[in-house]
Amino acid sequence: MDLKKYFVKAPLIPTIIQDNDTKRVLMLAYMNEESLEKTIETGYTWFYSRSRGELWNKGATSGHVQRVISITGDCDDDTILIQVEQTGPACHTGEETCFYRESGIADFHSKEEMCGSSKRMDDSLKESVNSDVLDELYQVVMDRQKTFSENSYTCYLFEKGLDKILKKCGEECSEVIIAAKNASVSDGAVRDEAQTETKNEICDLLYHLTVLMVNEGIGLNDIYNILKQRSSKIGNLKTFHKTDHNS
């Protein structure tokens, strides 16, 4: 395949990274011909850093790698779209996407339109978000256990074994506590940021707990069934057993 046509206008080409499943835009970076070649050769994203003047492999240090699903050039051959399977957050801040800020540069929706749109989205996605996302995460983690990949953080955890997985679960639990505590003593914009951090730490904890479950052969249905049993019980059982039920 002739890659030179993408670099006729400039030595660097803007590259949009999109999640293959959710179709959400994760980030934008730049490629030169060499980084595009390495991306095609390895099946994982490589970019050119304009600030450092060198190639970099996404997730090489963090483990948050991007496995390439497809690469498409636009109509003018001066922009590339890459759909990926993202491991962990795409943004260096720990956010799922680099475009995470709720307050944009401009917003042309009225408040009423936004509320209506959000409600319709919430109604249509509520069931799938509540269960399917965890099911999909569990399936991905289970696939990683079966198929080793050198650049996969999940495979790294399985390779290191139970003690490493438990250590990460403990670390993430501590980070949830710290983030939640910071949110509780803050206000305004600082509190909003702290709450966002808490949400992200909870997601990190859920991910590592999922790795633990797969490692120990515990299925999601095992957890769902226990939660369902608990939800059918009224009140606190410890308190219930201490109560005079004849009163």
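Would you mind stating whether Thr97 is at negative phi, touching a Cys at 6+ places or on another chain (Cβ under 8 Å), of a type outside the set (Lys, Arg) and open to solvent by less than 50 Å² (accessible area, probe 1.4 Å)? Yes.
The set of residues in region 21-60 being touching an Asp or Glu at 6+ places or on another chain (Cβ under 8 Å) and open to solvent by less than 40 Å² (accessible area, probe 1.4 Å) consists of Leu26 alone.
Among helices (runs of 4 or more DSSP H) entirely within region 142-231, having at least 2 residues that are crowded, with 17+ Cβ neighbours inside 10 Å singles out 153-160, 162-184, 188-215.
Applying the set (1) touching a Ser or Thr at 6+ places or on another chain (Cβ under 9 Å); (2) surrounded by 14 or more Cβ atoms within 10 Å (Cβ to Cβ); (3) within 22 Å of Thr93 (Cβ to Cβ); (4) not β-branched (Val, Ile, Thr) to Gln18 leaves exactly one unmet item: (1).
Listed by first and then second residue, the pairs linking a residue in region 190-214 that is in contact (Cβ under 8 Å) with a residue 40 or more places away in the chain and within 12 Å of Ile178 (Cβ to Cβ) to a residue that is surrounded by 16 or more Cβ atoms within 10 Å (Cβ to Cβ) and of a type in the set (Asp, Glu), with Cβ atoms under 9 Å apart and 6 or more places separating them unless they lie on different chains, are Glu197/Glu175.
The values are calculated or read from the model by the stated rules, or taken from the named source; none is laboratory data. Just so it is clear, the structure is predicted and the values come from calculations on it, not from any experiment. For neighbour counting, all protein chains shown are included, and Cβ atoms are generated from backbone atoms with ideal geometry for every residue, glycine included. Only protein heavy atoms, including side chains, enter the accessible area calculation; ligands, DNA and RNA are left aside. Shrake-Rupley method; radii C 1.70, N 1.55, O 1.52, S 1.80 Å.
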